Amino acid sequence: MPALIKTEHVGRVTWLGRVPHRNASEIVGEPIQSMSLNFDGMPGEFHSGLTRLSCSRVTTQYAKGTEIRNVRQLSIVSAAELAIIAKKLDLDEIDPAWLGASVVVDGIEDFTHVPPSARLQGPDGVTLTVDMLNQPCHLVSKTIEEARPGHGKAFKAAANGLRGVTAWVERVGTLTLGDTLVLHIPGQRAWRG
């Protein structure tokens, strides 16, 4: 029996981006038309690499700065959830570049809460493995505040549970604007801990 179940949930890629660098006070991405992905993620992108240094997200497991596997190569967000965040911030829209997003997908409901280990598979077989929910970041708040003064400070609360997921490349390939991503989920019951 397969460990992953192909679902009928299909999202469409509506935006692609990369973060070429990051300074200490903000994170800003830039839009791109297509994304060639290898096992390091996207070459030349700030979050690429097979490994990374641990950050505040995993301090209960590792001291900050410990080399660990990079399961945060990509940040994937939902177009519908970005619209909800924008409304909460009293903005017309949220520019995915402000979030340092890699991929914006439209058409998969409750996207931020797809299960960890789910896969998103593109037309050429490129496959992204969902690591976990992406927590709202204070750097994004600063970026939004700079772009739209008076709106950034509320970002963390507005984006709670809507920030998308982090992911890593399981199978290499290319994503292009307009591509579809098919959701595959683990074939297991929810944990009852």
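Each value in this text was obtained by applying a stated rule to the coordinates, not by laboratory testing. Given the structure is predicted, the values throughout are model-derived calculations rather than measurements. Positions of Cβ are backbone-derived with ideal geometry, glycine not excepted, and every protein chain shown enters the neighbour counts.
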Ranked output for segments 130-139, 60-69 by mean other Cβ atoms within 10 Å, highest leading, reads 130-139, 60-69
Rounding to the nearest 20 debye, state how big the charge dipole of the chain is about its Cα centre with +1 on each Lys and Arg Cβ and -1 on each Asp and Glu Cβ. 720
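If you build the convex hull over the alpha carbons only and average its shadow over all orientations, what do you get for the range 107-193? Give it in nm² to one decimal. Write out the running numbers ahead of the final one.
Values: hull surface 30.4 nm².
Result: 7.6 nm².
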What angle do you read, to the nearest 10 degrees and between 0 and 90, between the alpha-carbon axis of helix 79-88 and the longest principal axis of the chain? 30
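What order do you get for Ser48, Ser34, Ser54 when you list them from fewest to most C-beta neighbours inside 10 Å? If you can, show how the numbers build up before the last one.
Values: Ser48 20, Ser34 11, Ser54 16.
Ascending Cβ contact count within 10 Å gives the list Ser34, Ser54, Ser48.
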What residue among Arg163, Arg18, Arg148 has the largest mean-square fluctuation in a Gaussian network model of the chain, using Cα springs under 10 Å? Arg148
Cα axis of helix 138-147 to longest principal axis of the chain: angle in degrees, 0 to 90, nearest 10? 50
HN-Hα J in Hz across the range 181-188 - Karplus 6.51, -1.76, 1.60, θ = phi - 60°, x for Gly and Pro: 10, 8, 8, 10, 10, x, x, 9
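Which whole-number percent of Cα pairs in the range 17-74 have a distance greater than 18 Å?
Numbers: 667 of 1653 pairs.
Roughly 40 percent, once rounded to a whole number.
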Please find, in a Gaussian network model of the chain (springs between Cα atoms separated by less than 10 Å), the residue of Gly100, Gly29, Gly150 whose mean-square fluctuation is greatest. Gly150
Please list log₁₀ I(q)/I(0) at q = 0.07, 0.08, 0.15, 0.16 Å⁻¹ for the chain, using the Debye equation with identical point scatterers on the alpha-carbon positions. -0.19, -0.24, -0.90, -1.03
Excluding near-sequence neighbours (fewer than 8 apart on one chain), the chain holds lysine pairs with C-alpha atoms under 19 Å apart numbering 8
